[in-house]
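Here is the structure we will look at.
The values are calculated or read from the model by the stated rules, or taken from the named source; none is laboratory data. Quick caveat: nothing in here was measured; it's all calculated off a predicted structure. No Cβ is skipped: glycine too gets one built from the backbone with ideal geometry, and neighbour counts run over all protein chains shown.
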Amino acid sequence: MNPKNIFLIDGASGCGKSDFVEYVNSMKEKVGFLIKFTTREIRDYEKDNLCNLDLFFCNKQEFEKYNFEYQYEYEKQFYGFSKHELDLLIEKCDNIFIIIRNIPLMRRIKREYNNQNVISVYIHSDLLKIEERLKMQQFNDKQIAFRLSRIETTYKDYVLNSAFFDEVIVNNSNIDYYHLLIDNLIKKYAKNENGIV
């Protein structure tokens, strides 16, 4: 079996990860988005059925029962998924996407799936653009201020680990350009009939 592309996606809150999920899920190609479990609460704007998410919500007890092989903590909440679910997606899809806000876990997946083509991707967006998106998602001023303060920490983490990332997508324009960048990312790692990138 030819290696599949596993795209590990990181980026600050408001950089466009939800738009990424929505766009990839609309594709006709053999593309899969891995759904994670999380202990964090669902946000008001996420309750809209039109909002595509990469998350199942559960409490801490439920989360611990699953005993996920792959899990991490972010902002005092837990996120996780099973190796089995990832392996199923690899069987069915040519391109698999996973949002992971934890570089050590991303490194581990790169090691453990070295028989696949694992690509680490960072999505970057300027603060003003992120603030615009957070307002559109109906965060209040206090929530926006908190999230913007977290972005500096996230970006510093990226800078310290920038050599780890294979690709950087700069999401500072309109949605059509953002979609084009995602299309080009997938095309870059597309395989020909012989399975060669």
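Here are some notes:
- Matching residues, segment 159-178, being in a helix (DSSP H, G or I) and crowded, with 16+ Cβ neighbours inside 10 Å: Tyr178
- Selection count, segment 1-28, where residues are among the polar types (S, T, N, Q), at pLDDT below 90 and either part of a loop (DSSP other than H, G, I, E, B) or buried (at least 17 other Cβ atoms within 10 Å of the Cβ) (or both): 4
- Subset of segment 100-123 (residues that are closer than 22 Å to Lys17 by Cα and assigned to a helix (DSSP H, G or I)): Ile103, Pro104, Leu105, Met106, Arg107, Arg108, Ile109, Lys110
- Some residue of segment 29-36 being in a helix (DSSP H, G or I) and either at pLDDT 90 or above or surrounded by 14 or more Cβ atoms within 10 Å (Cβ to Cβ) (or both): no
- When Ile103, Ile90, Ile123 are screened for being among the hydrophobic types (A, V, I, L, M, F, W, C) and within 27 Å of Ile175 (Cβ to Cβ), only Ile123 passes.
- Filtered by the rule that a residue be part of a loop (DSSP other than H, G, I, E, B) and among the aliphatic types (A, V, I, L, M), segment 179-194 gives a lone residue, Ala190.
- As a summary of the residue check, Glu131 satisfies the conditions (1) under 24 Å from Ile186 (Cα atoms); (2) in contact (Cβ under 8 Å) with a residue 24 or more places away in the chain; (3) of a type outside the set (Lys, Arg); (4) part of a helix (DSSP H, G or I) except for the one numbered (1).
- Failed item in (1) in a helix (DSSP H, G or I); (2) within 19 Å of Gly11 (Cβ to Cβ), with Ile96 passing the rest: (1)
- Scanning segment 115-167 for residues that are in contact with a helix residue (DSSP H, G or I) (Cβ under 8 Å, 6 or more places away or on another chain) and among the charged types (D, E, K, R), we see that the one that is farthest from Arg43 (Cα to Cα) is Glu167.
- A search for C-beta distances below 8 Å between a residue of segment 144-162 that is within 14 Å of Leu134 (Cβ to Cβ) and at pLDDT 80 or above and any residue that is of a type outside the set (D, E, K, R) and part of a helix (DSSP H, G or I), counting only pairs 6+ apart in sequence or on different chains, returns Ile144/Leu134.
- Summed over segment 42-72, residues that are in a strand (DSSP E or B) and modelled with pLDDT of 95 or more total 3.
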